[in-house]
Amino acid sequence: MDKLEEIFAKQSALNDEIFATQDIRARDGKVLTMAAIREALQRSELGPNGLPNQWLRNYLTALKSEAGEIEESLLWKWWSKDRIDLQNIRVEIVDLMHFLTSMALVAGLSAEDFHRLYTRKHEVNRQRQEQGYSKATKDETDNKGIL
């Protein structure tokens, strides 16, 4: 198992543990699982009340909160003698990865899918930079071709 696959597997298991510990239940009354969210995704339950939307929103809220914690750790007073707590910032970045991975899982991405999409999007971003990317030239059609 490669490192990204390990992260995805560990995060899925942790999410299932949290659902069980917090007694978070699906509509059928059973304890929620990542598998149940994936099944809802496969059934195309993509509306506002579907599990995929609900959990993407939950994880996005958590992701934004963690980003806020990093922002609070950064210094903005250029006249200050304070120093950033780099260890705390590193741990908060890992927290971001936890919630980003959860979002990827809810969206139906495996570690392999994530890597493939990252690689393809990375190439789009490189091409955009080579072509002088700006608001005036922004065109999302290149994103739509990423599979």
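The values are calculated or read from the model by the stated rules, or taken from the named source; none is laboratory data. Quick caveat, the model's predicted, so the values are computed rather than measured. Cβ: placed from backbone, ideal geometry, glycine included. Neighbour counts: every protein chain shown.
I want to confirm something. Restricting to region 19-35 and keeping residues that are under 20 Å from ALA111 (Cβ atoms) and not hydroxyl-bearing (Ser, Thr, Tyr), which single residue is surrounded by the most Cβ atoms within 10 Å (Cβ to Cβ)?
Once the filter is applied, the top-ranked residue is MET34.
State whether the residues of region 118-127 include one that is closer than 26 Å to GLY47 by Cβ and surrounded by 11 or more Cβ atoms within 10 Å (Cβ to Cβ).
No, there is no match, as no residue in region 118-127 is closer than 26 Å to GLY47 by Cβ and surrounded by 11 or more Cβ atoms within 10 Å (Cβ to Cβ).
Test of understanding: among GLU39, GLU69, which residue is in contact (Cβ under 8 Å) with a residue 24 or more places away in the chain and either surrounded by 11 or more Cβ atoms within 10 Å (Cβ to Cβ) or β-branched (Val, Ile, Thr) (or both)?
Going through GLU39, GLU69 in turn, the sole match is GLU69.
Between residues in region 87-99 that are in the same structural domain as SER12 (by TED's automatic domain parsing) and residues that are among the polar types (S, T, N, Q) and assigned to a helix (DSSP H, G or I), which pairs lie under 8 Å by C-beta distance while being six or more apart or on different chains?
Here the result reads ASN88/SER73; ILE89/SER73; GLU92/SER73; HIS98/GLN11, each pair linking region 87-99 to a residue that is among the polar types (S, T, N, Q) and assigned to a helix (DSSP H, G or I).
What single numbered condition from (1) assigned to a helix (DSSP H, G or I); (2) of a type in the set (Val, Ile, Thr); (3) surrounded by fewer than 16 Cβ atoms within 10 Å (Cβ to Cβ); (4) over 13 Å from the mean Cα position of the chain (by Cα) fails to hold for VAL94?
Exception for VAL94: condition (4).
Scan PHE8, PHE114 and give me the residue that is closer than 29 Å to ILE146 by Cβ, assigned by TED's automatic domain parsing to the domain that holds ILE146 and of a type outside the set (D, E, K, R).
On inspection, the qualifying residue turns out to be PHE114.
Restricting attention to region 36-52, report how many residues are in a helix (DSSP H, G or I) and touching a helix residue (DSSP H, G or I) at 6+ places or on another chain (Cβ under 9 Å).
Of the residues in that region, 8 qualify.
Scan region 100-138 for residues that are of a type in the set (Ser, Thr, Tyr) and free of Cβ contacts under 8 Å to residues at least 60 places away in the same chain and jot them down.
Listed by number, the residues that qualify are TYR118, THR119, TYR133, SER134, THR137.
Please work out if GLN87 is closer than 20 Å to ASN15 by Cα, at pLDDT 95 or above, out of contact with any Leu (no Cβ under 6 Å at 6 or more places or on another chain) and of a type in the set (S, T, N, Q).
Taking the combined requirement at face value, the residue does not satisfy it.
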